[in-house]
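The values are calculated or read from the model by the stated rules, or taken from the named source; none is laboratory data. Owing to the predicted nature of the structure, the values given are computational and were not obtained by experimental measurement. Cβ coordinates were reconstructed from backbone atoms using ideal geometry, including for glycine residues, and neighbour counts include every protein chain displayed. Heavy atoms of the whole protein, side chains included, go into the accessibility calculation; ligands, DNA and RNA do not. Shrake-Rupley method; radii C 1.70, N 1.55, O 1.52, S 1.80 Å.
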Amino acid sequence: MASAPTSKYNSHSLENESIKRTSRDGVNREIGEALPRLPGETRITDKEVIYICPFNGPIKGRVYITNYRLYLRSLETDSALILDVPLGVISRIEKMGGATSRGENSYGLDITCKDMRNLRFALKQEGHSRRDMFEILTRYAFPLAHSLPIFAFLNEEKFDVDGWMVYNPVEEYRRQGLPNHHWRITFINKCYELCDTYPALLVVPYRASDDDLRRVATFRSRNRIPVLSWIHPENKTVIMRCSQPLVGMSGKRNKDDEKYLDVIRETNRQINKLTIYDARPNVNAVANKATGGGYESDDAYHNAELFFLDIHNIHVMRESLKKVKDIVYPNVEESHWLSSLESTHWLEHIKLVLTGAIQVADRVSSGKSSVVVHCSDGWDRTAQLTSLAMLMLDSYYRSIEGFEILVQKEWISFGHKFASRIGHGDKNHADADRSPIFLQFVDCVWQMSKQFPTAFEFNERFLIIILDHLYSCRFGTFLYNCESAREKQKVTERTVSLWSLINSNKDKFKNPFYTKEINRVLYPVASMRHLELWVNYYIRWNPRIKQQQPNPVEQRYMELLALRDEYIKRLEELQLANSPKLSDPSTSPSSPSQMMPHVQTHF
């Protein structure tokens with residue numbers, strides 16, 4: 001592919017720029033010299049506008065539109081404002097006012113974004129001056145509606161690391177000690193014939209044949225049979241994931257499904273019962289019978305016990321996040337803040353998701369029983385519960401690459417419907433399938449990182465950059481609904497992975513307080529008293545919310561680490577300089593670590 005002309009910004013400096021801008025109203029107060037462009041990014045048009053800043057009032061500027069971003073630079077001498085917004089972030093574009101509208105700045109465009117902010121631009125009323133800007137923005141923000149490619153397929157960035165190589169399912173299962181004499185890897189789904197929303201490679205009980213799996217699939221919604229997500233390294237209990245059984249109003253039974261769940265239980269001779277966690281509220285699960293779904297009844301599944309976790313559906317979560325946006329953007333209602341936050345129920349939903357994951361993790365960690373997790377279709381709440389429980393149980397997933405593998409495995413390969421939930425390149429902002437399920441998961445991870453500040457290798461910036469590129473369409477990582485669709489579109493060949501960007505510059509995303517621990521189970525406190533709104537994400541666009549970037553404690557700690565490294569280096573130099581004078585090498589310390597055995601930092 002021919003390389004598009006680029007500015008002096010390379011991909012890393014661009015990322016610096018985008019991270020700087022995330023701390024305020026999407027603005028970077030440092031003036032660059034030119035419109036930044038990625039390789040493959042082309043400039044479409046530019047126009048003089050008035051940006052109606054909700055915090056500082058109208059600002060005259062020039063807006064540039066490329067096939068990737070909207071970029072505004074202030075033209076006022078007393079304002080150095082820069083606004084840099086990937087077009088993938090845009091949810092809705094509306095015309096504001098008409099040709100006869102009165103009042104200053106009443107004619108222009110209103111832009112609703114997916115990342116908790118809105119943008120408003122005023123233009124001159126004469127000569128339909130907004131028409132071309134509206135049409136160009138609509139065309140490139142919603143490329144699927146105009147038969148255009150998503151920008152990820154045009155992006156020609158090159159990185160030192162290939163992020164597509166991060167996740168190899170065989171290697172990840174091998175890390176878990178699989179296959180073994182109780183569990184096998186099956187390729188029954190290699191052409192996505194058993195289940196078109198599952199990955200090609202699945203782990204199932206050794207005693208279940210492929211024909212058994214086919215029969216079980218007929219009784220599970222979307223053919224999403226129970227398959228293994230994680231096995232405990234010591235007690236060998238497992239976390240399984242699937243969709244609801246197709247019980248229906250008549251209370252249908254399926255002997256193959258009942259036998260299959262019993263086979264899962266029998267892979268561990270120490271347990272008498274299999275625990276099934278249905279993520280839904282009981283009333284919703286019962287209502288699902290009317291549409292052919294349902295849950296596992298006691299009389300059909302004798303050796304299983306069922307618990308409902310009361311986590312609400314995608315529509316409830318969508319409305320809850322809308323309420324959060326209402327109270328944080330553009331203004332934060334200080335006088336009624338706590339009651340306003342409570343009325344959104346957002347933290348209540350976070351609490352229920354965390355509580356459910358804690359129950360799953362505790363059941364497996366204690367060795368009481370193996371666990372089967374499902375909701376309705378097994379790609380929203382199920383993914384939240386399995387991935388959070390695995391994060392609590394397995395310290396590997398708390399490393400940077402381990403977390404990337406967790407997301408690739410439990411979310412991307414197992415068919416969380418990213419395209420439907422986020423609406424990449426799609427103009428239908430009112431689509432009932434849109435929902436912030438993955439954002440909610442990342443929020444839960446952030447809550448855990450606040451309660452266990454030394455347990456995670458990654459920092460807050462890592463989580464925010466994942467969410468920013470969940471929407472941006474710069475990378476192929478989150479495109480499409482399932483593995484079969486990505487394979488059909490050759491996503492790994494034709495796009496760049498987000499993990500390429502992150503893993504090429506890991507230091508930027510590392511938590512300096514991280515202490516590597518093996519086999520430590522994390523049980524976060526999921527009470528409302530211990531949960532808080534993630535201000536640095538949800539309210540980051542408001543310059544009046546004073547944020548200390550970077551964190552002063554973290555900054556000082558980094559300085560101390562740098563100072564320690566400098567002293568160790570000087571010790572090495574002194575040691576080398578004095579080595580000829582040392583008569584007896586056997587009695588001399590051979591390394592700075594031996595010379596300074598007690599050098600450590602206490603936190």
Segment 237-261, residues that are open to solvent by 50 Å² or more (accessible area, probe 1.4 Å) and among the aliphatic types (A, V, I, L, M): L246, M249
Residue within segment 453-470 that is farther than 23 Å from M116 by Cα, at pLDDT 95 or above, open to solvent by 10 Å² or more (accessible area, probe 1.4 Å) and among the hydrophobic types (A, V, I, L, M, F, W, C) present: no
Residue selected from segment 288-338 under the condition hydrophobic (A, V, I, L, M, F, W, C) and assigned to a strand (DSSP E or B), by the criterion least open to solvent (accessible area, probe 1.4 Å): A304
Residues satisfying the stated conditions in segment 279-296, i.e. on the phi > 0 side of the Ramachandran plot and out of contact with any strand residue (DSSP E or B) (no Cβ under 7 Å at 6 or more places or on another chain): G292
Odd one out for L341 among (1) assigned to a helix (DSSP H, G or I); (2) open to solvent by less than 30 Å² (accessible area, probe 1.4 Å); (3) within 29 Å of P149 (Cβ to Cβ); (4) touching a residue at least 40 places away in the same chain (Cβ under 8 Å): (3)
In segment 202-213, the residues that are open to solvent by 20 Å² or more (accessible area, probe 1.4 Å), in a loop (DSSP other than H, G, I, E, B), out of contact with any His (no Cβ under 6 Å at 6 or more places or on another chain) and touching a residue at least 24 places away in the same chain (Cβ under 8 Å): R207
Residue that is surrounded by the most Cβ atoms within 10 Å (Cβ to Cβ) [pool: residues in segment 494-552 that are without any contact (Cβ under 8 Å) to a residue 24 or more places away in the chain and assigned to a helix (DSSP H, G or I)]: V535
Entirely in segment 354-448, the helices (runs of 4 or more DSSP H) that have 1 or more residues that are free of Cβ contacts under 8 Å to residues at least 12 places away in the same chain and open to solvent by 20 Å² or more (accessible area, probe 1.4 Å): none
Residue check, Y260 among the aromatic types (F, W, Y) and assigned to a loop (DSSP other than H, G, I, E, B): no
